[in-house]
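In what follows, a structure is listed as structure tokens, so that the remarks can point back to it.
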Amino acid sequence: MSKKVYCIAQFLPKPGKEAELFKVLQGLEANTLREDACLQYRVTRHIPSPFAEGKSFPIVFNEIWADMQSFEAHCQRNEIKDFFQTYCVAETGLAADWNVCVYTDEPENFDAPKLV
């Protein structure tokens, strides 16, 4: 197995703000892809399919990082902190809600205590 960290960052735009939020998120890709430990960083939007009818926010980042330390360093970059403050936390932001989760492909973590 690996030390890779897989991040799914979902965003629910405010009504009428999906295209604008998607464009802002795309603007984060170029600099992030320059980070040494960034293996994948792609913003995507939900598309309908009768074979994938699950529930999700309409905009999702699919990220792969070399390790947790690299992911956490990315999250502390000013560009990322400023994005969340401006577009998610601020009342004038474009996101109504967001959900960021990280995952591992290491099975031994299934025995770890679960934090809820």
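The values are calculated or read from the model by the stated rules, or taken from the named source; none is laboratory data. What you see is a predicted model; the values in this text were computed from it and never measured. Reconstructed Cβ throughout: ideal geometry from the backbone, glycine too, with neighbour counts over all protein chains shown. Keep in mind that these areas ignore ligands, DNA and RNA; they rest on the heavy atoms of the full protein, side chains included. Shrake-Rupley method; radii C 1.70, N 1.55, O 1.52, S 1.80 Å.
I'd like the full set of residues that are open to solvent by 60 Å² or more (accessible area, probe 1.4 Å) and in contact (Cβ under 8 Å) with a residue 60 or more places away in the chain, limited to segment 65-75. Listed by number, the list holds a single entry, 68. Here residue 61 passes the criteria (1) exposed (fewer than 12 other Cβ atoms within 10 Å of the Cβ); (2) closer than 22 Å to residue 16 by Cα except the one numbered (1). Tell me the residue from 43, 5 that is within 17 Å of residue 88 (Cα to Cα) and surrounded by 12 or more Cβ atoms within 10 Å (Cβ to Cβ), please. When all the criteria are applied, what remains is 43. Would you check if there is a residue in segment 33-47 being polar (S, T, N, Q) and farther than 19 Å from residue 103 by Cβ? No, the conditions are met nowhere in segment 33-47.
The rows are residues; the columns are (1) in contact (Cβ under 8 Å) with a residue 24 or more places away in the chain; (2) among the small types (Gly, Ala, Ser); (3) at positive phi.
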residue: 19; (1), (2), (3): no, yes, no
residue: 24; (1), (2), (3): yes, no, no
residue: 29; (1), (2), (3): no, no, no
residue: 32; (1), (2), (3): yes, no, no
residue: 35; (1), (2), (3): yes, no, no
residue: 39; (1), (2), (3): yes, no, no
residue: 47; (1), (2), (3): no, no, no
residue: 54; (1), (2), (3): no, yes, no
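Would you say residue 43 is hydrophobic (A, V, I, L, M, F, W, C), in contact with a helix residue (DSSP H, G or I) (Cβ under 6 Å, 6 or more places away or on another chain) and part of a strand (DSSP E or B)? Criteria met by residue 43.
Of the residues making up segment 15-40, those that are under 23 Å from residue 92 (Cβ atoms) and either among the hydrophobic types (A, V, I, L, M, F, W, C) or in contact with a helix residue (DSSP H, G or I) (Cβ under 8 Å, 6 or more places away or on another chain) (or both) are 19, 21, 22, 24, 25, 28.
The set of residues in segment 76-96 being open to solvent by 90 Å² or more (accessible area, probe 1.4 Å), in a loop (DSSP other than H, G, I, E, B) and under 16 Å from residue 29 (Cα atoms) consists of 76 alone.
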